Amino acid sequence: MRPERTHVSTPRFGRPFASHPLLIRRWLGAIRTRTLLTWLGLSIGCAAMFSVQLLSVSIERALTASIRAAFGERFIAISNAGAGVDESLLGDVSDVPGVAVSPVVYASATTHAPFEGRLQIVGIDLVRSGLEGFASFGGLRMQVDPLVLVADARSILVSRAFADAHHVAVGDELSALTPQGLQRLEIRGLIETPPSASASAAALAVMDVYAAQELFQRRQFDELLVWSSTVDLSRLVGPLRSVVGGRAQVLPAGSDRGGAEAMLQGLRIGLSLIGGVAGGLGICLVYAFASMAVLARARDLAVLRAIGMTRGGVRTIVLSEALLLALLAVLSGWVLGVVLARLLLPFAQAGMDGYVRDVRLEVSSLSWGQIGRMAGMACGAMICGGIVPARWATHVSVADGLTGRVETGTALVRSSRRRTRVALAVLGSVAAFVLGSTVMTESPTALLVGAPILVVLGSQVLVASFGFIARRAPALGCRVWGAEGAMAGMGLSSSPRRTVTALLTFTAVIAAIGATTVFLGSFRESIDRWFVATFPQDLTVLSGTSIKGVHVNPLPPLVGARIRELPDVAEVLSVRTRTIEYRGEEVYLMAQHLRPAARRGILVRPDTLDLPDSLMGVVLATPAFLRHFGKHVGDVVQLPTPGGTRDFTIAGQYLEFAGTTGALQIDAEEYEKHWGDSLVDMLEVFLADAGNAERVRLAILRELGDQYDLRVMGREEFVSNSAERISRSFSFTAVLDFLFVLIGILGISVTVLTSLVERKRDLGVLRAIGALSEQLVRSARLEFVMISGIAAVAGTLVGIVGGKFLTDVVVREGLGWYVPCRPPWLELAAVAVGTVVLSWIASAMPARRVSRVAVGDAIWRE
Amino acid sequence: MISIRGVSKTFARGGHVVRAVDGVSLEVPAGEFLVITGPSGSGKSTLLHLIAGVERPSGGEIRFEGALLSAMSDREVTLLRRRRIGLVFQSANLLPALSVDENVALPLLLDGAPMREARKRAMRVLDVLGLAERRRHRPGELSGGEMQRVAIARALVIDPILILADEPTGSLDSSAGNDVLTWLRSVTEDARRSVVMVTHDPVAASRGDRVVAMRDGRLVSDERAIDTGRGDDRSLRFHTPGPAVA
C-alpha cells in the first residue's frame, strides 16, 4: 500500500474532560466484578446511614406526636413532677388575667368485671373547664354534658376504642379496684381520642377531679392545666411563673415531660455513631477501590500523560470515578436503607421501652433538605476516599510507565515520601504536646483535638507495620502453611501498597466493631455493677404504670408501714424521685434515708463517701451534675422548693446514670420538710432471711398488690429487668456490625481479585512448574484469610483504644456518665475469630477464578 | 526545530548515580528523519524522553521551536505533547479497554473534541493506514504490526510537527517492521514534520536521513545518509561528517 500524506488539522476544542466519560465507562467495565463488589459494599454503607436517619426521624415523629397527643399543645401545665400541686395554687393561678385553669389527677385502676384490664384514669374539673378546656387535653372530644360527671362521683367517660374492644356501652358498670376497695364505676359517656394518640389513650377514662381525689386518696392535684381563648399562651408563661414561684414548675405548651428528650438524645447519639462509622467505612472502601484501580492502571495513566493528559485531568478522572460510584451507591443505598430500616425497627422500638408503639416508617417524613444533606454527606465521604489515590495518580512517572517499570506502583509514591515525613514529624510534635497537656490538665477538649491527630499518626504506624508484614508475607506464610502459604504470601508481597490498602480498610471495619463492642461491654458491666451495688434489697416494690411518663399512683407512707409489719421483713427504705429546675435545666432529685442507705451500701461512689454528721441542708451530687454545672464537693447550690429557694451544701459524690445534667440526692426527712411530700415511688425491702423472698413477695401482693397497683420484684428480676432494658436499646447494633463486616469482606474480595488478575502470569508459571489447581485455589483462600487475620488482630487492638476513647470521652462528655473501660475479651475474640471464619467462607467464589487459569495464555499472552 | 545543548540526565538507582545522558548536543531541523542508535543502556531512550518533555534534564537545555522546555510548566509541556508531538512506543502502549478508533481519537478527546468529531478524524487516519475495518476491535485482538500502526495513527491524528518513536519495530517481524518504517518515512515528506526514531536495529536505522550513535550516554558519531539515487534502498552509506560531536 502506498503511503499517503495525512493532512489532519487540529482545532483546539473548548470542552474539557471530553475523554473522561469514555475512559471511566471503559475502565469500570473492564473490571466489572470488582466494580460491582465495591458498589455493593458502598450501597450497604449508604443503606446503613440512611436507615439510621430514617429510623431516627420516624421514631422522633412518633414520639413527638405521642407526646403532643397526650399532653396537647393548647395548654400550659403547672406541675411538681409527681410530687403534687397544692390546692392553694389553684386560686392564685386563677387570678392571672385571661387564664382558664383546671386541676388534674392521674391514676390507674384494675378492672375486675365485666372484664379484667387496666384503666388509666384522668380526673379533670369539667365544670370549671368546660368542653373547650377538655378539648385542650390531647384533643379529646366528648358529646355529653360535663355535669353528668359531677352529679355522681362514680361516673366515668371511656374512650370509644376501649368500649369497642371490651364490648361495653354507655350505662354499663365496671368494677375497679382502688385504694378505697372495689368500686363500681358507671360509664356515662364516650370520648373520641385523636388518631395520633399513643396506644395508652385507648384505655383512657375521664372522671371528675375531686371524685378522683377522693377515690384514690390524693391530698393534692398532679397538675394544673392552663389555657386561654383570649391571650397567646406564650405570653402567659411569665406571669404564671411569677405567681407560682418555687412552689411548682410552669411548663409551656407542648413541653416534653416524660423524659422523651433524654430517650431521644440517647437514640440520636447511638444512631449518629453508627452513621459516622458507616460513612468512615465508605471512605475506606472507596480508598481501597480507587487505590487499586490507580495501581492497576498506572501504565494507562502513564500513556495518557505521555499523549497529553494533564495532572489535573488525571486527578479529575479518579475523583469522577469515585463520584460516579458514590452516586450509584447513594441511589441503591436509599432503596436498601428503607428495607434495612424496617428490619431494624423492632430493635430500635424495643430500646424505647415501649414508650412509642405506633412508629411508621414514612420516607416522606424526611424533607428534601434532609435527603439532600444525607446524599451530599455520603457522596462527600466517598469522594474523600478518592482524594489520596487521585494524588497518587498525578505522580505517575511517565517514563517508568512507558517502559513498564511501574507494576508495583512504587513509582507512584516517589515524590510524596519527603512531604509525608515532614508532615508526620509536625503532627507527632503536636500530638505529643496535646497528650502531655491532656495528662497534666485532664482536659477532655485537648483530647478531642488530639484525637484526629492520633488517628492520622496511628494510621501511619499501621501503614508502616502492614508494609513490613506484606513484604515478609511469603516467608511467614511458608512457615505456617508451607508451599500454599508461601504462594498466598506472594499475593500479599506482589503489591505491598495494595495489601496495605486492603489491610487498612478491614482493620477500620474491625476497629469500628471493636470500639462499639468495648463501649457496650463496659457500659453493660458498669450498669450491672451499679445495679447490683445500688439495689442490694431483697425485694423491690414499685408504684404502678406511668401515664405519659408521669408517675401515677405514688405510694403513700402507709404502704411502707404495712410492709414493715409483715413477718420476715427486717427493714423498708423508701425512695422518692422527681425532677427540679436548676439554672433553667431539669435535674433529677432523689430522696431517701441516707444513713441506712449508706449502711446498706446503696450509695455507690467513684471515690470515698463519708456522710457528714448532720444531713440538714446537704445534698449529694453525681459526677455528671458537678461537671455539667461546674460545681465541686463543698459548694453551695440554691434549689427551688415550695417554700422558696434554699441553700444546700454538696457533701459528696455518688454514682448514678441519670442523664446529662446529673442528679442530686437528699435525705428523706429534709425532702419532706422542704417539699412537703411524703409519697414514695419505690420501696426497698430487706428481709431477715433472703431465702424467704418469694414468700414475702406473695404476701405483699396478696395484702396490697391490687389496691395500690403494686409491682413486687425479687432482686435478680429487678436488676436483670433494668439492665436488659438498656441492653435492648443497643441490640440493633449487632445487625449493623454484621453489615460492616460484610462491607469489609467485599473490600477484601476486591483486593484478592485484583491480586489474582495481576498475577495471572505468575499463577501460569506456577501451574507450568507443577502446582495443582486446587493448591492455587487454597493459596488464594489463604490470601483472603491472611488479610482478614492480620486485620482482625490489628483492628481489635485499635478497637480497644477506640472503645476507651468512647467511654472516657464521648460518653462522659456527651451523656455525663462515668463508665470505666472494661473490654469484654471473650466478645472481642469472638468478633475477630468470626470475621476470619466469614472471610474463609467468602473466599470460595473469588478463589475459583484461579482454577480457570490457562497455563499457555497466562505465560505467553498478556 | 529541536535544539539540544549540553544536555545531561542523571538518575539515582540503588544508591548509585547513573549518568544516562552526558553532555549531548544535537540539532534536529524540520523535515528530517533522525535516527538515534546505540546498544542497550546507551541512553537513547532517555534522550528521547527528554525531547518529549517526559523527563527534565539535569543539565543543559532543550529548545522546541525556540521555546526552552525546562522553563515550561508541566502543564505547558503536556499540552505541547498533546498538540505538537506524536509519540510511538515499542509496545504500542494502547489502552486495552478502548477500541482501535477510541485509542486513535484519544488525543483529540483530551483536547476537548466532541466524540463524533474525534471519531471521524480518527477514521480518516485509520483509513489511510489501512485499518478502517479493525476500528471496533480491542488491542488484544490485533497483531503486533497492526497495534503499532494504530499507535502511529494515534500519533498522526493530532497533525504533529514532530514524531518521536522509541523502538517502533522492536517487537515486530521484518515485514511488519518494514511497513512501520515506511509510514514513518512518509511523515517527513511533509517538510514541516520531523521524525526522531530510537532503534538498535541497523536495518531500521538505514531508513533515516541522519544517524547519530550513542554510547554510555554520549554521542559518538553523527552520519548523514546520501541518496544514491537507487530508489528506496538506502542500505549504502557515504560517511558525511555532521555537526561536531560534543
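A few remarks follow.
- Among the criteria (1) modelled with pLDDT of 85 or more; (2) under 23 Å from B:SER171 (Cβ atoms); (3) within 12 Å of another protein chain (Cβ to nearest Cβ), the one B:ASN93 does not fulfil is (1).
- Contact map, segment A:666-686: first residue in a strand (DSSP E or B), second residue among the basic types (Lys, Arg), Cβ cut-off under 9 Å, separation 6 or more or different chains; pairs are A:ASP667/A:ARG595; A:VAL680/A:ARG576; A:MET682/A:ARG576; A:GLU684/A:ARG600; A:VAL685/A:ARG564; A:VAL685/A:ARG697; A:PHE686/A:ARG600.
- Leading residue by the ranking (surrounded by the most Cβ atoms within 10 Å (Cβ to Cβ)) among those in segment A:670-718 that are at pLDDT 85 or above and farther than 21 Å from A:ALA570 by Cβ: A:TYR671
- Looking across segment A:600-637 at every residue that is loosely packed, with under 13 Cβ neighbours inside 10 Å and within 18 Å of A:ALA668 (Cβ to Cβ), the one that is modelled with the lowest pLDDT is identified as A:GLY601.
- Index of the failed condition, A:ALA791 passing every other in (1) assigned to a helix (DSSP H, G or I); (2) out of contact with any Gly (no Cβ under 8 Å at 6 or more places or on another chain); (3) of a type in the set (A, V, I, L, M, F, W, C): (2)
- For segment A:591-614, the condition holds for no residue, the condition being that it is farther than 26 Å from A:LEU683 by Cα and among the basic types (Lys, Arg).
- Every residue from segment A:745-778 that is surrounded by 17 or more Cβ atoms within 10 Å (Cβ to Cβ) and of a type in the set (Asp, Glu): A:GLU758, A:ASP762
- Considering the conditions (1) of a type in the set (Val, Ile, Thr); (2) more than 24 Å from A:ASP400 (Cβ to Cβ); (3) surrounded by 23 or more Cβ atoms within 10 Å (Cβ to Cβ), B:THR182 is excluded by exactly one of them, (3).
- Test result for A:GLY404, at pLDDT 80 or above and closer than 30 Å to A:ILE317 by Cβ: no
- Residue within segment A:244-264 that is within 14 Å of chain B (Cβ to nearest Cβ), at pLDDT 80 or above and surrounded by 20 or more Cβ atoms within 10 Å (Cβ to Cβ) present: no
- Residues of segment B:106-120 satisfying the condition of being within 10 Å of chain A (Cβ to nearest Cβ) and more than 14 Å from B:GLY86 (Cβ to Cβ): B:LEU109, B:GLY112, B:ALA113, B:PRO114, B:MET115, B:GLU117, B:ALA118
- Counting the residues of segment A:274-311 that are within 9 Å of chain B (Cβ to nearest Cβ), touching a residue at least 24 places away in the same chain (Cβ under 8 Å) and among the small types (Gly, Ala, Ser) gives 2.
- Scanning segment B:70-87 turns up no residue that is assigned to a loop (DSSP other than H, G, I, E, B), of a type in the set (S, T, N, Q), facing chain A (nearest Cβ under 8 Å) and closer than 18 Å to B:HIS49 by Cβ.
- Scope segment B:127-171; condition part of a helix (DSSP H, G or I), buried (at least 18 other Cβ atoms within 10 Å of the Cβ) and in contact (Cβ under 8 Å) with a residue 40 or more places away in the chain; matching residues: B:PRO139, B:MET147, B:GLN148, B:VAL150, B:ALA151, B:ILE152, B:ALA153, B:ARG154, B:ALA155, B:LEU156
- Test result for B:ALA205, touching a helix residue (DSSP H, G or I) at 6+ places or on another chain (Cβ under 9 Å), of a type in the set (Gly, Ala, Ser) and either within 25 Å of B:LYS9 (Cβ to Cβ) or within 13 Å of chain A (Cβ to nearest Cβ) (or both): no
- Take the conditions (1) within 18 Å of the chain's Cα centre (by Cα); (2) at pLDDT 90 or above; (3) within 14 Å of chain A (Cβ to nearest Cβ); B:SER3 misses just one of them, which is (3).
- Within segment B:121-154, the set of residues being within 14 Å of the chain's Cα centre (by Cα) and within 8 Å of another protein chain (Cβ to nearest Cβ) comprises just one member, B:ARG154.
- Of B:ARG63, B:ARG75, B:ARG84, all but one fail to be within 27 Å of B:ALA113 (Cα to Cα), among the charged types (D, E, K, R) and touching a residue at least 60 places away in the same chain (Cβ under 8 Å); the exception is B:ARG84.
- Scanning segment B:6-50 for residues that are in a strand (DSSP E or B), buried (at least 18 other Cβ atoms within 10 Å of the Cβ) and under 17 Å from the mean Cα position of the chain (by Cα) gives B:LEU26, B:VAL28, B:PHE33, B:LEU34, B:VAL35, B:ILE36, B:THR37.
The values are calculated or read from the model by the stated rules, or taken from the named source; none is laboratory data. Note that this is a predicted model, so its numbers are computed, not measured. Positions of Cβ are backbone-derived with ideal geometry, glycine not excepted, and every protein chain shown enters the neighbour counts.
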